[in-house]
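Structure first, then comments.
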Amino acid sequence: METPLFSGISDSCAKLAAPAMDAIRQSTGKLFSADVAFEDEGTQPALEPGQSIKICGALYLAPPKHVGTNLIIAAERRFITLTFSLHSDDDAVASAKHQFGFVRDQVKGRATSGLGDESLEGANGSSKVNRAVTAFRKSNAVVDVTVSGLDSSGKDVEVSELEPGSRSIARALADNVGAAFNLK
């Protein structure tokens, strides 16, 4: 049985997203606004006993435009969801590995390396919306970054355009995983 590295998870979405803000700024480009804050998207039911899950999301929108006296809301946007999961049961690392296997089954993609103990990237196939997903596991923690968006005409942005942002955000979070999860 492996000893878990982490004992707790931050409850602040701002703190959880902070290590990735430069990557988020780069991936959202002209849509980025420092006024947009990651907000708590609520919790999802734990998949396993001893699991804590924190979901944070932010929506970056193109600024509205004035055409004559009309205010036109631009369609272009990016939505970023950060999901942090911590396992603290008797065999927390095995539970995190099990959850990562579940994520791998849900995401159409490929295994990658360089992010935590195991990682993957691909597209979420459970929705009609294009979503680029990069996920990694480090010890007893699993982090999932999902990026979706619309272009200026209101059509889904292709996953191939969203993947670099998802990857760079996940890399920033993996490089600073101790900012999200308390070390034991």
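The values are calculated or read from the model by the stated rules, or taken from the named source; none is laboratory data. These numbers come from a predicted model, not from an experiment. Positions of Cβ are backbone-derived with ideal geometry, glycine not excepted, and every protein chain shown enters the neighbour counts. Keep in mind that these areas ignore ligands, DNA and RNA; they rest on the heavy atoms of the full protein, side chains included. Shrake-Rupley method; radii C 1.70, N 1.55, O 1.52, S 1.80 Å.
Considering only GluC sites (Glu not before Pro) in DSSP loops that have at most 14 other Cβ atoms within 10 Å, the longest stretch of the chain without any of them is 3-157.
One Cα centroid belongs to the stretch 47-61, the other to the stretch 136-181; the line between them spans 13 Å. With a Förster radius of 22 Å applied to the beta-carbon distance between Lys15 and Glu41, the computed FRET efficiency rounds to 0.90. Here the dipole of the stretch 124-184 is about 340 debye; that uses its Cα centre as origin and unit charges on the Cβ of Lys and Arg (positive) and Asp and Glu (negative). Protein heavy-atom accessible surface, 1.4 Å probe, per residue over the stretch 72-170: 44 Å².
Each Cα pair under 8 Å and six or more residues apart adds its separation to the average, and for the stretch 1-122 the resulting relative contact order is 22 percent.
When the Debye formula is applied to the Cα atoms of the stretch 76-176, each taken as the same point scatterer, what base-10 log of I(q)/I(0) results at q = 0.14, 0.19, 0.21, 0.25 Å⁻¹? For the stretch 76-176 at q = 0.14, 0.19, 0.21, 0.25 Å⁻¹, log10 I(q)/I(0) is -0.50, -0.85, -1.00, -1.29. When the solvent-accessible area of the chain is split by element, carbon and sulfur atoms take up 50 percent of it, the probe being 1.4 Å. For the stretch 1-89, the alpha carbon convex hull comes to 124 Å³ per residue, rounded to a whole number. With the convex hull drawn around the C-alpha atoms of the chain, the volume per residue stands at 113 Å³. Magnitude of the charge dipole for the chain, about its Cα centre and with charges confined to Cβ atoms of Lys, Arg (+1) and Asp, Glu (-1), is about 480 debye. For the chain, lysine pairs separated by 8 or more sequence positions, or belonging to different chains, with Cα-Cα distances below 15 Å total 6.
Working note: Cα atoms of the stretch 96-136, range along each principal axis, descending, whole Å: 30, 19, 11.
Modelled spin labels at Lys30 and Lys155, positioned 7 Å past Cα toward Cβ, are 1.8 nm from each other.
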